[in-house]
Amino acid sequence: MKLQQLRYLTEVARRRLNVSEAAEALHTSQPGVSKQIRALEDELGVQVFARHGKRLVEVTEPGKAVIAIAERILAEANNLRRAGEEYANENVGTLTIATTHTQARYALPKAVAAFKKRYPKVRLVIHQGNPTQIVEQTLAGEADFCVATEAIALYPELISMPVYQWNRCVVVPPKHPLLKAPLTLEALARHPIVTYDFAFANRSLVQKAFEARGLEPNVVLTALDADVIKTYVELGLGVGILAKMAFDPKRDRELRAIDASHLFESSTTRLGIKRGAYLRRYAYDFIELFAPHLPRSLVERAVHGEEGSRYEL
């Protein structure tokens, strides 16, 4: 039994039994992946995947147990490698953070600047995507942790820890009618709306607010990027609903912001770490720079299961 075989096995499962995609992700050939999985099944005496001809069709019941064990073995092997790296040189390495555009653009910069000053030799990588993508990257070990709003708490494989709460504003061009009276959902519903993509959980809070009043918002365009939303508002496509932190009066001079926190529930930005993950010292330091209320002692206990996995501000 080899770690490589376990990697092939878990990658195929992660790719929904698509061997071609798994082979491409692993930078190897499809026949090679299939051969190694067969060899592992023969060694274990268990059929992990049910087949129809050469095609994998489902994971067998014993296969589910094998895959779960393989994932734990690979996670511990990765932890072992990281532990060796830390003791060899604790100030050199790579920290990878998976996050959304809004967090990367507006929430993380101060922590990033402080971190780079403290650890100039550590390579910092920020992967941007929607919440589902960044969670998958974290679970796959492609990122040390992820930062996003709400969605992280939906994954039991992750430790979910709150960073801060935020709400929304409505952005409009100067002299827009919405600037002339107190903002209401009824007034907002009379205008075309540009807001976050359906992949973002916080948009559902916007929908809930309208639905609670029996209103149907006219959403004409959605985007993953707050800056894209503002661009299309400037072009006259509609009014924008976005995170308050994404509006900067100095930069967004062609727009005006109206506080909408009285219309919508607040959202919580969360930090997500895979259960049992080994984080190097500088990763804990970054977390504390970003969220001072999350010191290493607390995060470490949570990641290794000594406390609950859900925390609130």
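For region 9-43, how many residues meet the condition of being free of Cβ contacts under 8 Å to residues at least 40 places away in the same chain, of a type in the set (A, V, I, L, M, F, W, C) and within 18 Å of Glu61 (Cα to Cα)? Even if it seems obvious, please write down each step before you answer.
Applying the first criterion (free of Cβ contacts under 8 Å to residues at least 40 places away in the same chain) to region 9-43 yields 11, 15-16, 18-42.
If we keep only those that are of a type in the set (A, V, I, L, M, F, W, C) as well, we get 19, 22-23, 25-26, 33, 37, 39-40.
Next, from what is left, pick out any that are within 18 Å of Glu61 (Cα to Cα): 37, 40.
Qualifying residue count for the region: 2.
Just to be sure before I move on: is Asp227 of a type outside the set (Ser, Thr, Tyr), under 25 Å from Thr96 (Cα atoms) and surrounded by fewer than 20 Cβ atoms within 10 Å (Cβ to Cβ) in the structure I sent? Outline the logic, then answer.
On the way: of a type outside the set (Ser, Thr, Tyr): yes; under 25 Å from Thr96 (Cα atoms): yes; surrounded by fewer than 20 Cβ atoms within 10 Å (Cβ to Cβ): yes.
Judged against the criteria, Asp227 is a match.
Residue by residue, here is whether (1) over 28 Å from Arg15 (Cβ atoms); (2) crowded, with 17+ Cβ neighbours inside 10 Å; (3) basic (Lys, Arg) holds:
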position: Leu139; (1), (2), (3): no, yes, no
position: Ile152; (1), (2), (3): no, yes, no
position: Pro162; (1), (2), (3): yes, yes, no
position: Trp166; (1), (2), (3): yes, yes, no
position: Leu178; (1), (2), (3): yes, yes, no
position: Leu188; (1), (2), (3): yes, yes, no
position: Thr195; (1), (2), (3): yes, yes, no
position: Phe210; (1), (2), (3): yes, yes, no
position: Gly236; (1), (2), (3): yes, no, no
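For region 128-221, the strands (runs of 3 or more DSSP E) that sit wholly inside it and include 1 or more residues that are in contact with a helix residue (DSSP H, G or I) (Cβ under 7 Å, 6 or more places away or on another chain), of a type outside the set (Lys, Arg) and touching a residue at least 60 places away in the same chain (Cβ under 8 Å) are 145-149, 158-166, 168-172.
Residues considered: Glu58, Glu43. Of these, the only one that is loosely packed, with under 13 Cβ neighbours inside 10 Å and within 16 Å of Lys2 (Cβ to Cβ) is Glu43. I'd like to know if region 249-267 contains one or more residues that are farther than 18 Å from Leu179 by Cα, part of a strand (DSSP E or B), open to solvent by less than 60 Å² (accessible area, probe 1.4 Å) and of a type outside the set (Val, Ile, Thr). For region 249-267, residues farther than 18 Å from Leu179 by Cα, part of a strand (DSSP E or B), open to solvent by less than 60 Å² (accessible area, probe 1.4 Å) and of a type outside the set (Val, Ile, Thr): present.
The values are calculated or read from the model by the stated rules, or taken from the named source; none is laboratory data. Please read these numbers as outputs of a predicted model, since none were measured by experiment. No Cβ is skipped: glycine too gets one built from the backbone with ideal geometry, and neighbour counts run over all protein chains shown. Each accessible area value is taken on the protein alone, full model and side chains, heavy atoms only, with ligands, DNA and RNA left out. Shrake-Rupley method; radii C 1.70, N 1.55, O 1.52, S 1.80 Å.
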